1. Quick check: convex hull of the Cα atoms in the chain, volume per residue, rounded to a whole Å³?
2. Which net charge results when you count Lys and Arg as +1 and Asp and Glu as -1 among the other residues whose beta-carbon is under 14 Å from that of Gly202?
3. For the range 300-339, what class follows from the C-alpha gyration tensor (a ≥ b ≥ c being the square roots of its eigenvalues): rounded when a/c is under 1.5, otherwise prolate if a/b is larger than b/c, else oblate?
4. In whole Å, what are the Cα extents of the range 255-397 along the three principal axes, biggest one first?
5. Could you state the principal axis extents of the C-alpha atoms in the range 220-272, from the largest down, to the nearest angstrom?
6. Compute, for the range 45-159, the length of the dipole vector about the Cα centre, with Cβ point charges of +1 (Lys, Arg) and -1 (Asp, Glu) only. Units Debye, rounded to 20.
7. How high is the relative contact order of the range 11-116, in percent, counting Cα pairs under 8 Å that sit 6 or more residues apart?
8. Most mobile of Ala312, Ala142, Ala122 per a Gaussian network model of the chain (Cα springs, under 10 Å)?
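Values quoted throughout were computed directly from the atomic coordinates according to the rules given, and no laboratory measurement underlies them. Everything quoted here is computed from the prediction, not taken from an experiment. Here Cβ is always computed from backbone atoms with ideal geometry, including for glycine, and neighbour counts include all displayed protein chains.
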Amino acid sequence: MISPLRAWVLCGLLFFAAALCFLDRQVLSVLAPQIIAEFGMTNTSYSRVVFAFVLSYTIMLVLGGRVMDVLGTRRGLALSVGFWSVASAAHAFLVGPLSLGAARFLLGAGEGPAIPGAIKGAVEWMDPKRRGIAIGLATSGASLGSMIAPPLVVWTASHVGWRGAFAATAALGAIWLIGWMLAFRGVPAVTRSHAANLPISGWRALLGRREVRRLLAARFCFDPVYYFYMFWIPQYLSRERGMSLAAIGALTWIPFLALEVANLGAGQVSDMCVARGWPQRRARMTLMLVAALLTPASFFVVLAGTPVFAIALMCVLMFAHGVWITNFMTLIGDTVEPRDVATTVGLTGFFGGIAGMLSNLVIGPVVDHYSFTPIFLVSGVVYPLAWLILSGRSPLR
């Protein structure tokens, strides 16, 4: 068994793993204007590069989640972080769009299992009464990585070039891997949950459950918005707001700060509601409804008179997403057994990734032939739709 103190240490490392995962994937989006110009790419060709990442990431979400449930979080995350760190280092040797797409494909393959593994570890190692805050801590690492990426990547690239920025993030992954292995010293090689003696549920069994199907359909709706904010905002600010790379680095971390605050606070508020006698599902769904009602702020980004006001509206969307995703992941932990958490998270991510792939293939041509306006408009309606699906009030069952 893992002691409470060690459980918190490991959850802290899960936090940093998620931070590295999202920092590594954000390096390209921050440097996209520069790399697109250097390689002579269009927005359509860039969308195909993003598609390559989302394709492998999506496949490995579902396969990697299964691997995490079979191997355990300890070995599974070590394998995942090691692989994506090598893929990140490969970006330093790019020669054109084709090699960029190949490197992104490998990076996605390595990162796919990470979040299912982090959620699994938080569910397994922490008391159920603290499940919300533990999952909030683990998922908030993603927002930290996204938040520090713009200023850190711009600063690093200004000193060692954009290739050096990719190499630097790979080195951070190697450092994390050493810390991860040291944290398990004295712990048996396989650390499993109290339900580990029971077999892991098959995909067919999970898909046969209505509540799991609702989770899949909901994530199919809302995941494309986060992919859009993650990969396209720097390009939007450069193309339609005329911002320089330095200005992008100075401002685009702010929406991810709002996401970080929401990730950390939402789980704690959810757990407080449960401690006061609220049913777990009611607590999660109430907070998700509040979040969904905030997301139409995305409608107005394109109408903002200044880039600063536009970023402020993005902050509202990202804060809402933080409240939403923390409670969504916690809802998964409440719905399935701990032994099935990584598989279920992976399944939801797979469906969300399919939607992300399709949406990214649409975004590039829409931007090249029109503008970002339709994309922002659509991003303001999908969270309320996802809430209706989860609540059972939508015809999508």
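1. That works out to 121 Å³ per residue.
2. Every neighbour counted, the sum reads +1.
3. Details: a/c = 6.67, a/b = 5.28, b/c = 1.27.
Prolate, since a/c reaches 1.5 and a/b exceeds b/c.
4. Extents along the principal axes, in whole Å: 49, 29, 27.
5. Rounded to whole Å, the extents work out to 44, 28, 12 Å.
6. 160
7. So the answer I get is 42 percent.
8. Per the Cα network of the chain with a 10 Å cutoff, Ala312 tops the list.
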